[in-house]
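A.B. asks: Dropping a structure here in structure tokens format, bear with me for questions.
The values are calculated or read from the model by the stated rules, or taken from the named source; none is laboratory data. Since we're looking at a predicted model, the values are computed, not measured. When we count neighbours, we look across all protein chains shown, and the Cβ atoms used for this are built from the backbone with ideal geometry, even at glycine.
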Amino acid sequence: MEINVEEVTDILSDIGLPVKSIKKIFHKTKKEDYVLDVEMTPNRKDAMSHYGIARDLYVVLKFRGKKVYLQKPPIIENNSKNYYHNNEYQINILENKKCIRYSGISICKIKIEASPNWLVDRLKSIGIKSTNNIIDIIKFVTHELGQPIHVFDMDQIEENKIIIKNAEKNIEIQSSDHIIRKFDKEDLMIYDLEKPLSIAGIINNIISSIHINTKNIFLGSACFDPFIIRIIGNKYLIQTEEKYLMERGMDPTQTVYALQRAAFLINKITNKRRKIYSSNIIDVYPNPIYPPIIKLRYKKIINIIGKKISQKKIKNILSLLEISIHSENRKYLCVIVPLYRIDVKREIDLIEEILRIYNINKIDKISEQVKISPLPYFFYKTEHKIKKILFEQLINYGFQEIISYTIRNKDQFSFLLNSFYQREEIKILNPINQNYKFMRSSLLFGILDCIKYNYNRKNTNVKLFEIGKIYYKENNKFLEKTYLGIAIGMTKEKKIVESTNSYFFYLKGIIEQIFQKSGIYNYTQQVCYLHPLLENSISILYNNKILVELGKLKNNFLKKKEIFYAEIDWKYLISIIKNKKIIYVPFSKYPTSRRDLSLLVDKSISFERINQLLIKEKKNHMIKKIKIYDYYKGKNIPISKISYTVSFFFESKKETLSDKIINHSMKKIESFLTKKLKAKVRDSLIQ
């Protein structure tokens, strides 16, 4: 059957391979043809070849009832009369975790010459300049099958041995791009008995590359660990077609077939004038990889797609995709996924493939019976899951969890703290140890003990957190509350170049990241001048109730040590999260405009006061976000004044905002702040 280029474009778009551009060309035979520039996601390695795209087209056309068939490119047969046996050739893989499979074939009595016109035209149509017949065939097969092949001058291979191993220490190689590179001992190489032939198959040593006088060649086709290829390529700034393909993952079952295809084309092109001879393919596959088996549930397909698809159609799609059924029952299938589909690893990937071939445009709307998956993160609303998420967040920031004793002795810390909060400590009537006879009234005590323990063992930079209960007596009632304590400890001698205040703001930033993850935004803060243990401390409030206390521990408690501590009211935090309503607001399709405003105000006016005024004023304008990002006091500013710089981000859901509208809003804001704060506006900037 024949289909036109418009139909092909539509079909490719349907199956997730949109066409970026179409170019009409004419070959030297005056035959009309088209070049399609197909866009694909990096995970679709199976479609990064002409045969791979043809295979996908075949699947969807066959499923839609078209009379089509898929013809694999012809290859050289093993019983070819042009074969000769060379049992002396050996391939040894010394790094079988880095090199999964290596196949090779030698071809003798070839002649390096110009390629035939049809091959030159095919390569030119995809932007590749012809080099010679052998190189052009290798490039053709690479783009046709998506399997890179490297070619060596066989007469340069010592003792007919191919060895895949790590590079020798500090070895230097001049590669075929004429750049000399020095390699490390963990870099993967292809060697002969004496010297390196190739850098992991992605670029050859210039010594082993073929040239105009080459008579005998060795073709290698490999499956390497893609992670290793990516590291080597990026490390030494090697950008080749081979690197691009191999770093995305290779199909180990393709190495032999690619060699057979290349040998077929070399024989077809070169054998017309002279007799060439090929060896048997040498194939080394030490640890074969077996195709994955995935469980696919019919009910899950309906829940995800939103429409019931018959089991017959599902099996038909899987069969066309070369996904075979290992076992089945009335509820599910266990299927074997071919190794070339490196992107299909889970049940959801299989469902995506079914929907892709079935055609997403056939799904009119989501069925009312479809169960919507629950929202992630805090929307589960259970304390256990909230705790798990927040703790993972702290661990990712480099903090470690500790568990300390709830019983301790009365000391200077507890006396100051309890007098400040007007708490009465709870004494144990019959303690086991007379040194531990009081219930702790703060998590700070145990955290300080842990920090001192680490300091005594030369661990001077400590980041800790603990969740636990504190106990105290108030108005003749025994009370217990749960807090989350977070601390950063360091010695003054080994302070990082940054100022001490940076640690305070770092810890405050951690708290704000927890709030952001929790969906808490409209909080306020106030300076706490009288805290008995913390200096430069602040209280963070939500709905006028203290949620967090944060500051630096006073120097007279731990000499030569600086400790920053924050304590969160855990139960209050959980209650806020649980009461949060989920509101979805779509992104605006119109651009955001920014204006900066610098204010000169009395130094007694705090950052928080300006912030609260702006939050209230934000409701009256098309302001998406307000950010106070700078303040200044000193030279050229009166002693009694301080300068704040505020950024305003304007956005509309209905239209692109004009300068006239934004400037009008800015004038209102300037007037409002001037009146409320008796501020002087220094400048207004557009960005």
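A.B. asks: Only one residue in S221, S209 is surrounded by 19 or more Cβ atoms within 10 Å (Cβ to Cβ) and more than 36 Å from the chain's Cα centre (by Cα), so which one is that?
C.D. replies: S209
A.B. asks: How many of the residues in region 53-78 are at positive phi and in contact with a helix residue (DSSP H, G or I) (Cβ under 7 Å, 6 or more places away or on another chain)?
C.D. replies: Residues that pass the stated criteria total 0.
A.B. asks: Moving on. For the subset of region 384-406 comprising residues that are touching a residue at least 12 places away in the same chain (Cβ under 8 Å) and aliphatic (A, V, I, L, M), which member is farthest from M490 (Cα to Cα)?
C.D. replies: Ranking the qualifying residues of region 384-406, first place goes to I386.
A.B. asks: Further, regarding this structure: Among the listed residues N579, N611, which satisfies the condition of being modelled with pLDDT under 90, of a type in the set (S, T, N, Q) and surrounded by fewer than 14 Cβ atoms within 10 Å (Cβ to Cβ)?
C.D. replies: Details: N611 fails: surrounded by fewer than 14 Cβ atoms within 10 Å (Cβ to Cβ).
Within the list N579, N611, the selection yields N579.
A.B. asks: For region 252-287, which positions are in contact with a helix residue (DSSP H, G or I) (Cβ under 8 Å, 6 or more places away or on another chain), modelled with pLDDT of 90 or more and not aliphatic (A, V, I, L, M)?
C.D. replies: Q254, Y257, R261, D283, Y285
A.B. asks: For region 533-548, how many residues meet the condition of being buried (at least 17 other Cβ atoms within 10 Å of the Cβ) and touching a Leu at 6+ places or on another chain (Cβ under 7 Å)?
C.D. replies: 6
A.B. asks: Filter region 111-145 for residues that are among the aromatic types (F, W, Y) and surrounded by fewer than 20 Cβ atoms within 10 Å (Cβ to Cβ) and give the result. Step through it out loud before you land on a result.
C.D. replies: Within region 111-145, the first condition is being among the aromatic types (F, W, Y), and the residues that meet it are 118, 140.
W118 - this is the single residue of region 111-145 that is among the aromatic types (F, W, Y) and surrounded by fewer than 20 Cβ atoms within 10 Å (Cβ to Cβ).
A.B. asks: Could you name every one of the strands (runs of 3 or more DSSP E) located completely within region 505-558 that has at least 3 residues being without any contact (Cβ under 8 Å) to a residue 60 or more places away in the chain and closer than 18 Å to I576 by Cβ?
C.D. replies: Numbers: elements: 524-528, 534-542, 545-553.
Result: 534-542, 545-553.
A.B. asks: Which pairs turn up if I take residues in region 314-341 that are in contact (Cβ under 8 Å) with a residue 40 or more places away in the chain and within 19 Å of Y69 (Cβ to Cβ) and look for partners that are surrounded by 13 or more Cβ atoms within 10 Å (Cβ to Cβ) and basic (K, R) with beta carbon separation below 7 Å, at least 6 apart in sequence or on another chain?
C.D. replies: L320/K62
A.B. asks: I need the full set of residues from region 563-607 which are closer than 30 Å to K641 by Cα and of a type in the set (V, I, T), in order please. Please lay out each step first, then the result.
C.D. replies: Start the filter on region 563-607 by keeping residues that are closer than 30 Å to K641 by Cα, which leaves 564, 593-607.
Matches in region 563-607: V601, I605.
A.B. asks: Tell me which of these K243 doesn't satisfy, since it passes every other one: (1) under 26 Å from I53 (Cα atoms); (2) modelled with pLDDT under 90; (3) among the basic types (K, R).
C.D. replies: (2)
A.B. asks: Going through region 146-179 one residue at a time, which ones are at negative phi, part of a loop (DSSP other than H, G, I, E, B) and surrounded by fewer than 19 Cβ atoms within 10 Å (Cβ to Cβ)?
C.D. replies: E168, K169, I171, S176, D177, I179
A.B. asks: While we're on this one: For region 401-418, enumerate the residues that are loosely packed, with under 13 Cβ neighbours inside 10 Å and either modelled with pLDDT of 90 or more or under 20 Å from N454 (Cα atoms) (or both).
C.D. replies: E401, I403, Y405
A.B. asks: Testing S606 on (1) assigned by TED's automatic domain parsing to the domain that holds F672; (2) at pLDDT below 85; (3) under 30 Å from K660 (Cα atoms), one condition comes back false. Which one is that?
C.D. replies: Failed condition: (3).
A.B. asks: Only one of I210, I229 is free of Cβ contacts under 8 Å to residues at least 60 places away in the same chain, over 19 Å from V284 (Cα atoms) and not in a strand (DSSP E or B). Can you tell me which?
C.D. replies: I229
A.B. asks: So which residues in region 193-207 are closer than 20 Å to Q147 by Cβ and assigned to a loop (DSSP other than H, G, I, E, B), if there are any at all? Reasoning before the result, please.
C.D. replies: At the first step, the residues of region 193-207 found to be closer than 20 Å to Q147 by Cβ are 197-204.
Scanning region 193-207 gives A200, G201, I202.
A.B. asks: On to the next question. Can you name the residue in region 625-644 that is at pLDDT 80 or above and not in a loop (DSSP other than H, G, I, E, B) and is also nearest to the chain's Cα centre (by Cα) among such residues?
C.D. replies: Per the criteria, the residue is Y644.
A.B. asks: Could you tell me whether any residue of region 320-330 is surrounded by 13 or more Cβ atoms within 10 Å (Cβ to Cβ) and within 30 Å of S106 (Cβ to Cβ)?
C.D. replies: For region 320-330, residues surrounded by 13 or more Cβ atoms within 10 Å (Cβ to Cβ) and within 30 Å of S106 (Cβ to Cβ): absent.
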